[in-house]
1. Distance in nm between label sites at residue 39 and residue 176, each 7 Å beyond Cα in the beta-carbon direction?
2. Quick check for you: with a 1.4 Å probe and neighbouring chains kept, what is the accessible area per residue of segment 124-195, in Å²?
3. Could the peptides 169-175, 107-113 be put in order, highest first, of the mean number of other beta-carbon atoms found within 10 Å of their residues?
4. Where the centre of each part is set by its Cα atoms, how far does segment 85-105 sit from segment 150-196, in angstrom?
5. Using alpha carbon centroids, what distance separates segment 116-136 and segment 33-72, in Å?
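The values are calculated or read from the model by the stated rules, or taken from the named source; none is laboratory data. Here the structure is a predicted model, which is why all the values come from computation and not from measurement. Here the Cβ is made from the backbone with ideal geometry for all residues, glycine too, and neighbour counts use every protein chain on show. In case anyone asks, the SASA skips ligands and DNA or RNA and just uses the protein heavy atoms, side chains included. Shrake-Rupley method; radii C 1.70, N 1.55, O 1.52, S 1.80 Å.
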Amino acid sequence: MLNMSRRQFFKVTGATLTGSSLTLLGAAPSPALAEVRQYKLARMKVTRNTCPYCSVACGVLLYSLGDGAKNATATVMHVEGDPDHPVNRGTLCPKGAGLLDFINSPNRLKHPEYRAAGSDKWQQISWDDAYDRIAKLMKADRDANFIQKNEKGETVNRWLTTGMLAASATSNEVAYITHKVIRSLGALGFDNQARF
Ligand code: SF4
């Protein structure tokens, strides 16, 4: 007499039924089970960017859900070092390797904010309002403090009361143009976080 527990019975009959059904349908289970699983990043969109943390400016690849479906919101699912980037050649330090948490953090600031003088609260404003405000403040400060000539009467065209720090995630071309724009206003205090 076959000596089999209830659990073993269901296991054996279930496997036999599955196997015979697949065979009847023309699909042999062994090759199907042996098939290599699809590479999970294969359908993702890859975007090149720069790690925002330090001036080493390592190149990163951002993998996001990007199959083009209208009802799918693209989300960054994976971050790794860019093997073609001359700075890091695919490597990332622990901070850069943890970028995914920073990207998806609920505390990440995604909009400009403004705190009125004397207030202890920040309020979200639009990019248009932010740019208008920055432009007005820059003009007012430049008009008040621009130095055309030094004490010897030599033309210097300096603006020393405002500085600018540019972000790391820029291409060489964007960094070059940013440099030209801020220097054309006469500002001397200028730095870029990334230095390649
Ligand atoms: S991965 Fe590390 S070393 Fe490279 S830019 Fe980011 S923080 Fe700096």
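1. Those two pseudo-labels are separated by 3.3 nm.
2. The answer is 73 Å² per residue.
3. Ranked by mean Cβ neighbours within 10 Å, highest first: 169-175, 107-113.
4. Computed from Cα coordinates, the inter-centre distance equals 28 Å.
5. Here the two parts' Cα centres lie 34 Å apart.
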